[in-house]
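Below is one structure, written out as structure tokens; the observations come after it.
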Amino acid sequence: MEKQLLRITVNNEYHELYVKPKRLLVEVLRDELELTGTKRGCNTGACCACTVLLNGVTVKSCSILAMQADGTEVTTVEGLAEGGKLSPIQRSFLDHGAYQCGFCTSGMLISATALINEKPSPTKKQIKEAIHGNICRCTGYNSIIRAIKAVAEGKYKEEE
Amino acid sequence: MMKKYSVINTPIHNIDGIAKITGRAEYAFDIKLPHMLYGKILRSPYPHAKILKINTKKAEGLTGVKAVVTGKDTLGIKQGIWRRFKELCDEEILARSKVRYIGEPVAAVAAVDEDTAEEALDLIEVEYESLPGVFGPLEAIKQGAPQLHEHAERNINVTRHIEWGDVDEGFKKADHVREDWFRCSSQHHVCMETHNAVASFTPDKKLTVWTSTQSHYYIQVLLSWVLGLRENDVRVISRYTGGGFGSKFELDSAQFCSSLLSMKLFKPVKIILTREEEFMATKRRTPMFYYLRTGVKKDGTFLAKEGRVFTEGGAYTSMGATALYLTGFFQAFPYVWPSYRYDGYRVYTNTAPTSAMRGFGAPQATFCAETQIDLIANDLGIDPIKIRRKNAMYPGYEVPGQATIQSCGLSQCLDKIEKWIKSQGKLPPNRGIGIAAYGFMSGGIFNWFDTPYAFSSAVIQVKIDGKVDLYIGSQDMGQGSNTTMTMICAEELGVQVEDIRLHMGDTESCPVDLGAWGSRETLMQGNAVKMAAAKAKQQIIEYAAAKLSPNIVYDLDIKDRWVHLIARPERGLSYYDVVKEAIRGKDGQPIIARGHYTPHRKGMISPAYSFGVQAVDAEVDPDTGKITLKNCVTAHDCGQVINPLGVKGQLEGAMAMAAGYGFTEDLPMDEGKILNPNLVDYKVLRATEMPETKVIEVETYEPEGPFGAKEAGEGLTNPTAGALGNAVFHATGLSIKNLPITPEKVLEALKEKKKEEKK
Ligand code: FES
Ligand code: FES
């Protein structure tokens, strides 16, 4: 099938590229744009390792076609830190040891970022629900929950 | 007074943290090389069949396909990780004449992209002659059962006998004897990074493989063997590994097939296993059928124990031999048994091979042992804590002919857990607290791999600006050993973590270490690093001595970048200044030191053991059988804690995985076919199911370990299934001896109980 033109803004950078209509968003991000921070743990929508923000909302990038993201703005884990400055969620993940092997971490950070953007002070229950889909085989989740909670409690407010 | 430690026992960010949280950490999964091809593996749909013919013509003719390989393209070497014993090397990886499990590789394709490679698999024609299969160890060991391997009559792969004391006499003296049968299920590691490799063979006959592994050294040695290459013409690189848990230190199909294809094509070939392949055809936890007979005195004193186990080996030996050994040893842990007899049989079956998984046979042993101890306590009307305390191992105890226990904080752990249980007061109905005690090794001793090298080595180079290059062979798969080694080096050398630059994950530049399995890194690699750092420090101190110690009996040390007299710490020099002078003084050579560690005369199993007690508070819904975890509290003795942040993470992570083993995870099969090879039907714990966790550290000092440290991350996989089962027992009066403890089993048992009560 003929390739189609995809216009997409990823981490504030605008790209135009030709992709096969069957290409998944995760493939374009990883293989074409070389943003390999986004991982794949299953390819069937069951682990959320591939989670990115699409116009600010979380999507599993293995579950949508690249062309469905035409004209949108995507944020991947590489877009969380600005100019070398880590985001509050990232700093909190560091302090709380909220990652081990790191393979689920990109998806976790994105899910956590979306939650905090939407509900700046979530309850513990809401935090757990927000990352329910994200499988982590290493940490047992509690360090991740503590990390998100600390951000929600304002412990990582941006210094002016 | 100076603080005892300036680095150790302070929570430290994982040194790989920034790379991991910014998405920059490059896993083998992410590697892309110029002109790289993509590979796929064709796998057997039969559990047991002869391969009559393979026709690859059509597949080779497909546009975009570059090469197809089958068993014919290999040297036909039967490999295995137990290299020391030829009969245990039984796996070809690409089968030549016979397949023995569903998912066994029979051919591999390299093509311009994954879709094309996948399409080509459908074009490979394999003619099989199906053979009758056998799927459980109890059937496979019977006379006349279909035989998997010519050399293994009755499918017996490995046997193991352990015995001490007079068992028969013990039973004679016993006031109470119990017999129970248990079934321990399988479990999959479910690493988030599936097995994968990128292999690149160049015309100078050198092979480089980027892969996700727990031991680059093992992969280097095994690959060079099966490919007929010189050991050091194979370079294995694994900077980051997305989870291991025991699944990634044997040679796997991605590594082997990508290498074969690359050797044919002189181009890089990448193979990533899909999640489904990962479930169907990579190794898994060993299912076990356990028979236990136990004799005790009226007051709960243990007298005799007899264990017999039949393990489902799957089609090949792999690391399953070790699991069979360790489950026998840990069946008698962490208690004093005056007499003990164990007979283990590992039986070949037409299922995916079973092997190492976190806990390595001990979670199975601990589940059975701890369940039975609560049943005995209940029979005799003794408190579960008291019966354990009465029989607990203690420092200095010798396991006859097997091991010497040095540090042991088990009784303190029991005290802490008892206190916590008391603080909970009376529980509502259908709630129960169960406990389980456990222990684990800090690295194995037996050299089944037959390495000629020290078990762990480290090299240090101190540069002119005081920066320390530390080269280690151990592998960080998420457990945090990179950070642990950096901390040990910094502490011993007297600098800070920022002064260390770590080099790991590459056989070309790193000294040999056997890898991250059996909880060996902290103790073994840690001792090697400490030795290297101590030697480097000595060289630096020698240069400072002339200036600082006019009296020969004055001793010097370095701490927090300050080279000083121990007796008068305020008298000293900057570490950085001394290093500069030392290097100039050595005719411009950097300071170089080496360290190594091999356990000599440390018993049969391990140089040191961790201990702990875990309490699980669970609620059982009598209408649905559903179990909800409320709380999980663990008192844990891992010796001196190196990185508190790391230890806590290890304990919580192990608990989540072990709880999964206890009540949600299973690999049901039909004639050797796994029925739930995906992350929807295979249920790992999710964030919403995690209970509150609390960790109580009981610090001891382990004389064998660096700074007194020992195992911290694996042993905690042992207690949870047993503690959970005991919680269900105390909540409902039901003892379920068949893992996992699912709602269906709980309901079934409740029904049975009601029937009994009616009678
Ligand atoms: S890779 Fe997309 S959900 Fe698992
Ligand atoms: S950190 Fe390894 S899967 Fe989450």
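The numbers here are math on the coordinates, done by the rules we state, and not lab data. From a predicted model like this one, the values you see are computed outputs, not experimental measurements. Using ideal geometry, Cβ is built from the backbone for each residue, glycine included, and neighbour counts are taken over all protein chains shown.
Given B:VAL126, B:GLY170, B:HIS149, which one lies farthest toward the positive end of the charge dipole of chain B, if we put +1 on the Cβ of every Lys and Arg and -1 on the Cβ of every Asp and Glu?
B:GLY170
Working out 0.36 nm times the residue gap between B:GLU699 and B:LEU138, then minus their Cα-Cα distance, what length gain in nm do you get to one decimal?
Answer, rounded to one decimal: 197.6 nm.
Beyond 29 Å between alpha-carbons counts as too far, so tell me which of B:LYS206/B:LYS537; A:LYS20/B:LYS683; A:LYS60/A:LYS124 fall in that bin.
Over 29 Å Cα-Cα: B:LYS206/B:LYS537; A:LYS20/B:LYS683.
Take the residue pairs B:LYS86/B:LYS283; A:LYS128/B:LYS754; B:LYS305/B:LYS751 and return only those whose Cα atoms are more than 28 Å apart.
The answer is A:LYS128/B:LYS754; B:LYS305/B:LYS751.
Looking at region A:88-152 from every direction and averaging, what is the projected area of its Cα convex hull in nm²?
Over every viewing direction, the Cα hull of region A:88-152 projects on average to 3.5 nm².
Take B:ARG84 and B:LYS264, extend 7 Å from each Cα along the Cα→Cβ direction, and tell me the distance between the two endpoints in nm.
With each label point 7 Å from Cα toward Cβ, the separation is 3.7 nm.
Along region B:179-191, what does the Karplus equation 6.51 cos²θ - 1.76 cosθ + 1.60 (θ = phi - 60°) give for ³J(HN,Hα), rounded to whole Hz, x for Gly and Pro?
Each residue's phi maps through the Karplus curve to give 10, 9, 10, 10, 10, 9, 7, 8, 7, 9, 5, 6, 5 Hz.
Considering the dipole of the protein assembly as shown built from charges on the beta carbon (Lys and Arg +1, Asp and Glu -1) around the Cα centre, which of B:VAL620, A:LEU54, B:GLN479 is farthest to its positive end?
Final value for the positive-end residue is B:VAL620.
Counting only other chains, and only Cβ atoms inside 10 Å, what mean value do you get across the residues of B:189-199?
Going residue by residue through B:189-199 and averaging, the value is 4.
Full-extension gain between B:ASN551 and B:SER130, please, as 0.36 nm times their residue separation minus the C-alpha to C-alpha distance.
Between B:ASN551 and B:SER130, full extension yields an extra 143.2 nm.
Per residue of region B:242-250, what does 6.51 cos²θ - 1.76 cosθ + 1.60 with θ = phi - 60° give for ³J(HN,Hα)? Whole Hz please, x for Gly and Pro, Karplus curve as stated.
x, x, x, 6, x, 8, 10, 10, 9
In the neighborhood of B:TRP225, defined by Cβ-to-Cβ distances under 10 Å, what is the net charge if each Lys or Arg adds +1 and each Asp or Glu adds -1?
So the environment of B:TRP225 carries a net charge of 0.
Could you pull out the pairs from B:LYS419/B:LYS648; B:LYS20/B:LYS78; A:LYS85/B:LYS270; B:LYS173/B:LYS386; B:LYS386/B:LYS745 whose alpha carbons sit more than 32 Å apart here?
Over 32 Å apart, Cα to Cα: B:LYS20/B:LYS78; A:LYS85/B:LYS270.
How high is the FRET efficiency from B:LYS206 to B:ASP175, r the C-beta distance, R0 51 Å, rounded to 0.05?
The formula returns an efficiency of 0.15 here.
Listed highest first by mean packing, meaning other Cβ atoms within 10 Å per residue, what order do B:344-351, B:379-386 come in?
In descending order of packing, they fall as B:344-351, B:379-386.
Test of understanding: in a Gaussian network model of chain A with alpha carbons linked when under 10 Å, which of A:GLY56, A:GLY45, A:GLY97 would top the mean-square fluctuation ranking?
The residue that fluctuates most here is A:GLY97.
Taking each residue in A:73-82, count the Cβ atoms of any other chain within 10 Å of its Cβ, then average. What number comes out?
Across A:73-82, the average partner-chain Cβ count within 10 Å equals 2.
Listing A:SER87, B:SER97 from the residue with the fewest other Cβ atoms within 10 Å to the one with the most, what is the order?
Starting with the residue having the fewest Cβ neighbours, the order is B:SER97, A:SER87.
Residues with beta-carbon under 12 Å from that of B:ASP681, excluding B:ASP681: net charge, scoring Lys, Arg +1 and Asp, Glu -1?
-1
Loop only per DSSP, at most 12 neighbouring Cβ atoms within 10 Å: give me the chymotrypsin sites (Phe, Trp or Tyr not before Pro) in region B:232-287, ordered by residue number.
Filter output for region B:232-287: B:PHE266.
So what is the calculated 222 nm ellipticity per residue for chain A, using -39500 (n - 2.57) for each DSSP H run with n of 4 or more, over all residues, to the nearest 500 deg cm²/dmol?
Calculated from helices alone, the mean residue ellipticity at 222 nm is -7500 deg cm²/dmol.
Using a Förster distance of 41 Å, how high is the FRET efficiency between B:ASN430 and A:GLU118, based on the Cβ-Cβ distance and rounded to 0.05?
About 0.65, to the nearest 0.05.
Over region A:88-152, what is the relative contact order in whole percent, taking alpha-carbon pairs under 8 Å and six or more residues apart?
53
Distance from the Cα centre of region B:435-482 to that of region B:528-555, in angstrom?
25
So what are the radius of gyration and Dmax for the Cα set of chain B, in Å?
Computed over the Cα atoms of chain B, radius of gyration and Dmax are 27.0, 92 Å.
Over region A:4-79, what relative contact order in percent results from Cα pairs under 8 Å that are six or more residues apart?
Normalised by residue count, the contact order of region A:4-79 is 40 percent.
What size of dipole, in debye to the nearest 20, comes out for chain A about its Cα centre when the only charges are +1 on Lys and Arg C-beta atoms and -1 on Asp and Glu C-beta atoms?
780
Given the DSSP H assignment, sum -39500 (n - 2.57) over each helix run of at least 4 residues in chain B and divide by its residue total; what's the result at 222 nm in deg cm²/dmol, nearest 500?
Per the formula, -8500 deg cm²/dmol.
As a footprinting exposure proxy, order B:HIS176, B:HIS13 by other Cβ within 10 Å, with the fewest listed first.
B:HIS176, B:HIS13
Can you tell me the relative contact order of chain B? Whole percent, Cα pairs under 8 Å, sequence separation 6 or more.
Computed over chain B, the figure is 16 percent.
Of all the Cα-Cα pairs you can form in region A:1-101, what percent are over 24 Å apart?
23
Once you have a ≥ b ≥ c as the square roots of the Cα gyration tensor eigenvalues for the protein assembly as shown, tell me rounded if a/c is under 1.5, and otherwise prolate or oblate according to whether a/b is larger than b/c.
rounded
What are the residues whose amide H is under 5 Å from the amide H of B:ALA709, where those residues sit 5 or more places off or on another chain and H is modelled from the backbone?
B:GLN640, B:GLU702
Give the range of the longest stretch in chain B that excludes all GluC sites (Glu not before Pro) found in loop regions by DSSP and having at most 13 other beta-carbon atoms within 10 Å.
B:151-507
When the dipole is taken about the Cα centre of region B:30-161, and only Lys, Arg (+1) and Asp, Glu (-1) are charged at their Cβ, what size is it in debye, to the nearest 20?
For this selection, approximately 620 debye.
Taking other Cβ within 10 Å of each residue's Cβ, how do B:MET604, B:MET487 sort, fewest first?
Final ranking by Cβ density, sparse to dense: B:MET604, B:MET487.
Return the whole-Å distance between the Cα centroid of region B:66-86 and the Cα centroid of region B:164-217.
First find each Cα centre; the distance between them is then 21 Å.
Enumerate the amide H contacts of B:VAL684 below 5 Å, restricted to partners 5 or more residues apart or on another chain; note that Pro and chain-start residues carry no placed amide H.
Amide H neighbours of B:VAL684, under 5 Å, 5+ apart: none.
For peptide A:87-96, compute the average count of partner chain beta-carbon atoms within 10 Å of each residue's beta-carbon.
3
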